[in-house]
Structure formats: C-alpha cells, structure tokens
Amino acid sequence: MVKFLKPNKAVIVLQGRYAGRKAVIVKSFDEGTRDRPYGHCLVAGIKKYPSKVIRKDSAKKTAKKSRVKCFVKLVNYQHLMPTRYTLDVDLKDVVAVDALQTKDKKVAACKATKERFEERFKTGKNRWFFTKLRF
Amino acid sequence: MVAAKKTKKTHESINNRLALVMKSGKYTLGYKTVLKSLRSSKGKLIIIANNCPPLRKSEIEYYAMLCKVGVHHYNGNNVDLGTACGKYFRVCCLSIIEPGDSDIIKSMPGDH
C-alpha cells in the first residue's frame with residue numbers, strides 16, 4: 001500500500017519506440033489530465049546508452065564513449081515497468097510538460113537532461129541505470 | 001514438510017474468507033485490474049492461482065514487493081479460484097481492496 005510511481009523512480013519503458021529503455025520519472029499524474037484521462041507520467045530516459053569505457057581509453061575516446069542520448073516523453077503507467085531502483089537527478093526545473101509542446105523546447109530539455117545524465121554517468125554511480133537492458 | 005502440506009482446514013478457511021469478501025467487501029478480478037490496483041496502492045492483498053504463468057506471477061509479486069502488499073498463492077488453479085469467488089469464469093489473480101467484514105488481510109499475509 002505504498003505508492004511507488006513517484007519522481008526519481010527508475011522505470012523501464014515497455015511499449016513504443018523506446019521499448020526496453022530505462023527512464024526516470026520526473027513528474028507523475030496519477031489522476032490523469034483532461035487530455036489524458038488515465039494515470040501517466042513524464043519520464044526522461046536514455047535513447048542511446050553510453051558505451052563501455054575501459055582503462056586504456058584515451059581521454060578523447062572516453063569522452064566520446066560516455067555520451068548519452070536522451071528522450072523526454074509522457075507515458076501511460078501501463079506501458080512502464082517500475083523497478084526497485086531510483087535515480088536522484090534533479091530534473092524538475094529542466095523538464096516540464098510544456099517542454100513537450102514545441103520542438104525546440106523539447107530539444108532544449110533533452111540537451112539539459114543529457115548533461116545531467118552524462119555527469120552522473122561519469123561519477124560511476126547508478127551503474128544499473130546506464131547499462132543497456134539485454135533482451 | 002509440514003509447511004508444504006496445506007491442510008484441508010486452512011484451505012476451507014481461505015475459501016470462507018474469500019466468500020465473505022465477495023459478499024461484503026471490494027475486490028477486483030483479473031491481471032489488468034490487479035496491476036492497476038497495485039499502481040494506485042489500493043490493493044491490500046493479492047491472491048494468485050497456482051497455474052498462473054510464471055512470468056505473470058513474478059511480475060505481480062514484484063509490483064507487490066514495491067507496494068509492500070501481501071501476496072497469497074492460492075492452493076488451486078484458476079478454475080478453483082473462480083469457483084471460490086462464486087463466479088462462473090476462471091480467475092487467475094485477484095486483488096482485495098476492502099475486506100469488508102472479513103479478516104482475510106489480518107490472517108493471511110504472513111504466508112507467501
């Protein structure tokens with residue numbers, strides 16, 4: 001009886017173009033809205049995972065391999081698989097529902113989440129989130 | 001092997017409690033609504049039939065783990081569970097939302 005679809009929860013997208021990708025919930029709308037009368041949430045996820053970085057890589061190669069490509073999307077709860085992991089990255093100021101209205105706002109939001117994800121990846125924390133789900 | 005052998009007595013008592021919930025409480029039947037009740041944290045006890053496909057069973061157990069809700073593995077298949085609910089169809093999983101007069105929530109959840 002504990003609510004678990006809360007911000008900072010790591011989830012896996014199950015349907016759509018981003019099926020199989022890991023994402024983090026930024027904002028959840030349990031009751032739904034006028035346009036979407038079902039429970040859904042705004043997620044920020046990884047479109048392209050960073051590659052495996054090895055010790056013998058040069059700095060330039062490490063930088064290239066640590067790149068993360070992101071997406072921002074409104075997803076129905078039914079199309080998500082929640083996990084027991086969380087990702088404490090503050091994305092509330094960067095990603096908002098109005099960012100999905102126009103293309104350039106969306107691109108700006110994705111760019112900002114890309115920076116946050118990349119710096120989190122470089123610290124080596126939340127390793128599960130940045131590894132590709134094999135299926 | 002005492003734990004593995006489910007006595008007839010406890011099995012009947014579950015059926016009785018379930019019948020009481022059907023009469024006086026709120027419940028939902030079926031996989032989709034069970035997940036919905038778990039997501040909205042309305043479910044208080046989940047009952048899964050023994051012939052539920054293992055992937056589906058694990059998925060419901062995982063959601064219940066996140067929710068901290070008890071799961072009871074019913075000693076019978078979906079046909080039996082449907083009959084226990086007083087329905088004429090098969091029920092693979094069900095979620096109890098309000099137990100009503102029944103004490104099923106207090107007496108069952110210890111068991112996995």
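We did not get these values from a lab; they are worked out from the coordinates using the rules stated. Being a predicted model, the structure only gives us computed values, none of them experimental. When we count neighbours, we look across all protein chains shown, and the Cβ atoms used for this are built from the backbone with ideal geometry, even at glycine.
Scan the range A:1-52 for residues that are in a loop (DSSP other than H, G, I, E, B), within 19 Å of A:Phe129 (Cα to Cα) and among the aliphatic types (A, V, I, L, M) and jot them down. Result: A:Leu5, A:Leu14, A:Ala19.
With surrounded by 15 or more Cβ atoms within 10 Å (Cβ to Cβ) and either over 27 Å from A:Glu31 (Cα atoms) or among the acidic types (Asp, Glu) (or both) as the only criterion, which of B:Ala49, B:Ala19 stands out?
None of the other options fit; the residue is B:Ala49.
For the range A:5-29, the tally of residues that are free of Cβ contacts under 8 Å to residues at least 60 places away in the same chain and either loosely packed, with under 15 Cβ neighbours inside 10 Å or closer than 18 Å to A:Asp98 by Cα (or both) stands at 6.
Looking only at strands (runs of 3 or more DSSP E) that fall completely inside chain B, which ones have 1 or more residues that are more than 12 Å from every other protein chain (Cβ to nearest Cβ) and touching a His at 6+ places or on another chain (Cβ under 9 Å)?
Values: elements: B:26-29, B:45-48, B:70-73, B:93-98.
Once the strands (runs of 3 or more DSSP E) in chain B are filtered for at least 1 residues that are more than 12 Å from every other protein chain (Cβ to nearest Cβ) and touching a His at 6+ places or on another chain (Cβ under 9 Å), what remains is B:45-48, B:70-73.
Within the range B:60-72, not a single residue is touching a strand residue (DSSP E or B) at 6+ places or on another chain (Cβ under 6 Å) and of a type in the set (Ser, Thr, Tyr). Taken over the range A:95-135, residues that are touching a residue at least 24 places away in the same chain (Cβ under 8 Å) and part of a loop (DSSP other than H, G, I, E, B) amount to 10. For the range A:74-90, taking the residues that are farther than 20 Å from A:Phe117 by Cα and among the polar types (S, T, N, Q), the one that is farthest from the other protein chains (Cβ to nearest Cβ) is identified as A:Asn76.
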